[in-house]
Amino acid sequence: MPEFRIEPMPAPAPRELLGALEKIETASIGHLRYTGFLHGDILSVDRGQKARAGVAATLALPAMCSTLLHYALSQLRPGDMLVIDRLGDNRHACLGGVVARAAKQAGIAGVVVDGPCTDVAEILAEGLPVWCRGVSSVTTRQLDLGGTFNRPVACGGVPVLPGDIVLGDASGVVVLPADEAGEIAATCIAREARVARTMERLLQGEKLGDITRAVDKVNARLHPADDRKTDGQ
């Protein structure tokens, strides 16, 4: 008999933390760390997706079955990000228009699926942020094949624990330990302020290599004798 293994919902994250993360881009975190980034094949259905952050509620679904997904949708809360491990299946879409509406009605931050979705137009119409591995017309059924809810999963090659913080945007999805997310957000906000100043300097006609001093670094390698001559003077 297939088994459903269900654990309690993780503690919610402070709204201030999620709001701070939604001010930054996943690419900014990519300047700080190498871990936690889901495989690049998992992309936003909305190519202009703004940053959304939430607490990971984790789900593992057998290939053809969506029974536990329907159960999970009755448990989700505003501020949650549903992360679905499809256990290697890339054929059956577990998320379509009806599931998107139910998730949207629950007020969650979004859904990340390590597999395809369907009903793209309906998902976009609902305004639910969704990240997935493309689309499929082959869908799941309620077959009672078991699964896990709020237990550790893998998604996009990344381990995800219930309670981790998930940030997604048009560039991808990153999973952060909850106890590190605040410091990461603050660092990235400061970095993006510096980037904004660089963008303004470019509009004023400065060259990127001069702003970043890359020109000086390359010239120092190309003309080391000039540096020695200057030192001697």
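No value in this document is a laboratory result; all are computed from the given coordinates. Everything quoted here is computed from the prediction, not taken from an experiment. So basically every Cβ, Gly included, is an ideal-geometry build from the backbone, and we count neighbours across all protein chains shown.
Between the residues Ile189, Thr212, His223, the greatest Cα displacement towards the positive end of the dipole of the chain, with unit charges on the Cβ of Lys, Arg, Asp and Glu, is found for His223.
A cut-off of 5 Å between modelled amide H atoms, ignoring neighbours fewer than 5 places along the same chain, links Gly115 with Arg133.
What shape does the chain take by its C-alpha gyration tensor, where a ≥ b ≥ c are the square roots of the eigenvalues and a/c under 1.5 counts as rounded, a/b above b/c as prolate, and the rest as oblate? Because a/c hits 1.5 or more and a/b exceeds b/c, the chain counts as prolate.
Annotation: peptides 215-224, 30-39, 56-65, 184-193, ranked by per-residue average of other Cβ atoms within 10 Å with the highest first, follow the order 56-65, 184-193, 30-39, 215-224.
By other beta-carbon atoms within 10 Å, ranking Arg197, Arg101 with the fewest at the front produces Arg197, Arg101.
Overall form of segment 66-182: rounded. Here a/c, set by the Cα gyration tensor axes a ≥ b ≥ c, is under 1.5. With neighbour counts taken as other beta-carbon atoms within 10 Å, the residues Met81, Met9 rank, fewest first, as Met9, Met81. Charged side chains reduced to their Cβ positions (Lys and Arg at +1, Asp and Glu at -1) give the chain a dipole of some 320 debye around its Cα centre. Mind counting lysine pairs for me in the chain? Cα separation below 19 Å, and the two need to be 8 or more apart along the chain or on different chains. Close lysine pairs under the 19 Å cut-off: 4.
Pick from Thr198, Thr148, Thr140: which residue has the top mean-square fluctuation in a GNM of the chain where Cα pairs under 10 Å get a spring? Comparing Thr198, Thr148, Thr140 in the GNM, the peak value goes to Thr198. Computed extension gain for Ile6 through Asp216, at 0.36 nm per residue and net of the alpha carbon distance, reaches 69.8 nm.
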